[in-house]
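Q: My questions will all concern the structure given below.
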Amino acid sequence: FDIEEFEMLIENYLGDGGVEKAQNVLHYASSLFPESLNLQLREAQIMAGLGSHMKAIPRLKTLLAFEPNNEEIYLTLASIYSNLFDHSKAIKYFKQALKLSDKELKSEIRIDIALEYENLGEWKTAIQILEKALDYDVSNESALFELAFCYDKINDIKSAVNFFEKYLDENPYSVIGWYNLGNSFHRFGSLKKAVDAYDFAIAIDPKYARAYTQKAEALITLENYAEALETYRDSLQMDKATPHTYCCMGECYERLEDYIEAENFYKKSLDIDSDFTDAYVGLGVLADLQSEATTAVRFFEQAVLLEPNHTDFRLLLAAAL
């Protein structure tokens, strides 16, 4: 193999988590090409992958003296400092890499920088950087999700709605855009608008399971339980059932006073996760509604046993007692 092929082998092993194999290739390649700076960079990356961050850092800084324009060195240093929770230094090195990177990488590096600002709690700065990332790549899903998260953290849902509405004016076929607009409307309390936004997302991509789940939750809040059930059934065509999905379906049947089906779905939830407390609560509520206080106590006690500090569960148990 030539040196480029050795590097590709090392990268592939590292990408698959085969650190030991990557080390073996590195040792052999280094014996053939002892002066290679790229192999020294791979050695530092392997050190970092093994958790030897403090050994990797001086190696990388030495390499910078020889290759001050190598963006990969800056990116590796930034990742190490991020793992060490030194987010300010991580930002410094990510910004250096940003100056040197190709156009295709700039959007991803900006997201990395935004995540570091999020870790520092500087949400507004993160928002500005994420918006710049979208200027370079309008379809970047990570940037859209992180923007929604940041707006939520600063509790500025109105600005989130405004941003996604403007974004969708220019990118009307963005599934992620419509989905996040739906979430923003949902948090803002505009539930019918949220349902409409989720419907647009589903119309563009009928297999986007998240939109079905969120639409169903909005319909439950609107007390439209029959349609919520249909939406959950649709979601099960796209994605495997979770304890939460079955539990929500059980709640819909409960609200529709179909107690037999409600019980079936609460039990289906427990078949997947025997410690899913909401299902025990649902079964307890069902028993209480049917004047079976002793049974209700048993289910509420199980919920309290699993989550002893949950006040609502204790109140339900007290009421049943």
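The values are calculated or read from the model by the stated rules, or taken from the named source; none is laboratory data. Predicted, not measured: the structure shown is a model, and the values here were computed from it. All Cβ positions, even for glycine, are placed from backbone atoms using ideal geometry, and neighbour counts span all protein chains on display. The area values use the complete protein model at the heavy-atom level, side chains included, leaving out ligands, DNA and RNA. Shrake-Rupley method; radii C 1.70, N 1.55, O 1.52, S 1.80 Å.
Q: Below 12 Å, Cα to Cα, which aspartates and glutamates can LYS106 reach? Residues fewer than 8 away in the same chain don't count.
A: GLU71, ASP135, ASP137
Q: OK, next. Taking the Cα centre as origin and putting +1 on Lys and Arg beta-carbons and -1 on Asp and Glu beta-carbons, what dipole magnitude results for the range 114-220, to the nearest 20 debye?
A: Details: 11 positive and 17 negative charges, 89 e Å.
So the dipole magnitude of the range 114-220 works out to roughly 420 debye.
Q: Pairs of Cα atoms under 8 Å, at least six residues apart: use those to get the relative contact order of the range 1-159, whole percent.
A: Values: 166 pairs, mean separation 19.0, N = 159.
Once divided by the residue count of the range 1-159, the mean separation gives 12 percent.
Q: Can you tell me the 0 to 90 degree angle between the C-alpha axis of helix 53-66 and the longest principal axis of the chain, rounded to 10?
A: 40 degrees
Q: With viscosity set to 1.002 mPa s at 20 °C, what whole-number translational diffusion coefficient in µm²/s follows for the range 109-267 from Stokes-Einstein and a Kirkwood radius over Cα pairs? Each step should come with its number before you reach the end.
A: Values: Rh = 16.6 Å.
Answer from the Stokes-Einstein relation: 129 µm²/s.
Q: Defining a contact as two alpha carbons under 8 Å apart and six or more residues distant in sequence, what relative contact order in percent does the range 185-308 show?
A: Numbers: 143 pairs, mean separation 18.7, N = 124.
About 15 percent, as a whole number.
Q: Taking the Cα atoms only, what angle lies between the long axis of helix 311-320 and the longest principal axis of the chain, rounded to 10 degrees?
A: Value to nearest ten degrees: 20.
Q: Continuing with the same structure: Divide the volume of the convex hull of the Cα atoms of the range 223-283 by its number of residues and quote the answer in cubic angstrom per residue.
A: Details: hull volume 4.1 nm³, N = 61.
Per residue, the Cα convex hull of the range 223-283 comes to 67 Å³.
Q: So what does SER291 come to for accessible area, using a 1.4 Å probe and Å² rounded to 10?
A: Number for this one is 110 Å².
Q: Obtain the nm distance between the two label points defined at ASP156 and GLU230 by a simple spin-label model: each point lies 7 Å from its Cα along the Cα-to-C-beta direction.
A: 3.9 nm
Q: Now for a different question. Taking the chain as a Gaussian network, Cα atoms linked when under 10 Å apart, which of LEU229, LEU100, LEU14 shows the biggest mean-square fluctuation?
A: Result for the chain, Cα springs under 10 Å: LEU14 fluctuates most.
Q: Let me check against my output: what whole-number percent is the relative contact order of the range 203-249, with C-alpha pairs under 8 Å and at least 6 apart?
A: Numbers: 29 pairs, mean separation 18.4, N = 47.
Contact order relative to length: 39 percent.
Q: Sticking with this one: Counting other Cβ atoms within 10 Å of each Cβ, which trypsin sites (Lys or Arg not before Pro) in the range 189-230 have at most 13 and sit in a DSSP loop? Working shown, then result.
A: Numbers: sites: LYS192, LYS193, LYS207, ARG210, LYS215; in loops: LYS207.
Sparse-neighbourhood loop trypsin sites (Lys or Arg not before Pro): LYS207.
Q: What GluC sites (Glu not before Pro) in the range 196-246 are in a loop by DSSP, with at most 14 other Cβ atoms within 10 Å of the Cβ? Can you show the working numbers first?
A: On the way: sites: GLU217, GLU223, GLU227, GLU230; in loops: GLU223.
In loop regions of the range 196-246 (DSSP not H, G, I, E or B), the sparsely surrounded GluC sites (Glu not before Pro) are GLU223.
Q: With N denoting the number of residues in the chain, provide Rg(C-alpha) divided by 2.2 N^0.38 Å, to two decimal places.
A: 1.32
Q: How large is the charge dipole for the chain, taken about the Cα centre, if only the Cβ atoms of Lys, Arg (+1) and Asp, Glu (-1) carry charge, to the nearest 20 debye? Before the final figure, lay out each step's value.
A: Numbers: 30 positive and 54 negative charges, 197 e Å.
With Lys and Arg at +1 and Asp and Glu at -1, about 940 debye.
Q: For the range 77-139, what is the charge dipole size about the Cα centre, in debye to the nearest 20, if Lys and Arg each add +1 at the Cβ and Asp and Glu each add -1 at the Cβ?
A: Values: 9 positive and 11 negative charges, 55 e Å.
So the dipole magnitude of the range 77-139 works out to roughly 260 debye.
Q: Specify which residue in the list SER79, PHE299, ALA197 is farthest towards the positive end of the charge dipole of the chain, using unit charges on the beta carbon of Lys, Arg (+1) and Asp, Glu (-1), about the Cα centre.
A: The residue sitting most towards the positive pole is SER79.
Q: Roll a 1.4 angstrom probe over the protein heavy atoms and tell me the percent of accessible area of the chain that is carbon or sulfur. Don't skip to the answer; put the middle values down first.
A: Values: 8510 of 17400 Å².
Looking at the chain in its full context, I get 49 percent from C and S.
Q: While we're on this one: Put +1 on the Cβ of each Lys and Arg and -1 on the Cβ of each Asp and Glu in the chain; which of THR213, LEU283, ALA126 then has its Cα farthest toward the positive end of the dipole?
A: Among THR213, LEU283, ALA126, the one farthest towards the positive end of the dipole of the chain is ALA126.
Q: Roughly what angle does helix 191-204 make with the longest principal axis of the chain, taking Cα atoms, 0 to 90 degrees, to the nearest 10?
A: 60 degrees
Q: From the cross-link list LYS95/LYS215; LYS166/LYS215; LYS99/LYS215; LYS124/LYS207; LYS21/LYS240, which pairs have alpha carbons spaced over 31 Å apart? Could the numbers behind the result be given before it?
A: On the way: LYS95/LYS215 39 Å; LYS166/LYS215 22 Å; LYS99/LYS215 42 Å; LYS124/LYS207 33 Å; LYS21/LYS240 36 Å.
Check vs 31 Å cut-off fails for LYS95/LYS215; LYS99/LYS215; LYS124/LYS207; LYS21/LYS240.
Q: Which value, in Å², gives the accessible area per residue of the chain when a 1.4 Å probe is used on the protein heavy atoms? Numbers along the way, then the final one.
A: On the way: 17400 Å² over 321 residues.
It amounts to 54 Å² per residue over the chain.
Q: If you don't mind, another one. Could you list the square roots of 5 times each eigenvalue of the Cα gyration tensor of the range 33-86, that is, the equivalent ellipsoid semi-axes, sorted largest first and rounded to whole Å? Could you put the intermediate results ahead of the total?
A: Values: eigenvalues 64, 32, 13 Å².
In descending order the semi-axes read 18, 13, 8 Å.
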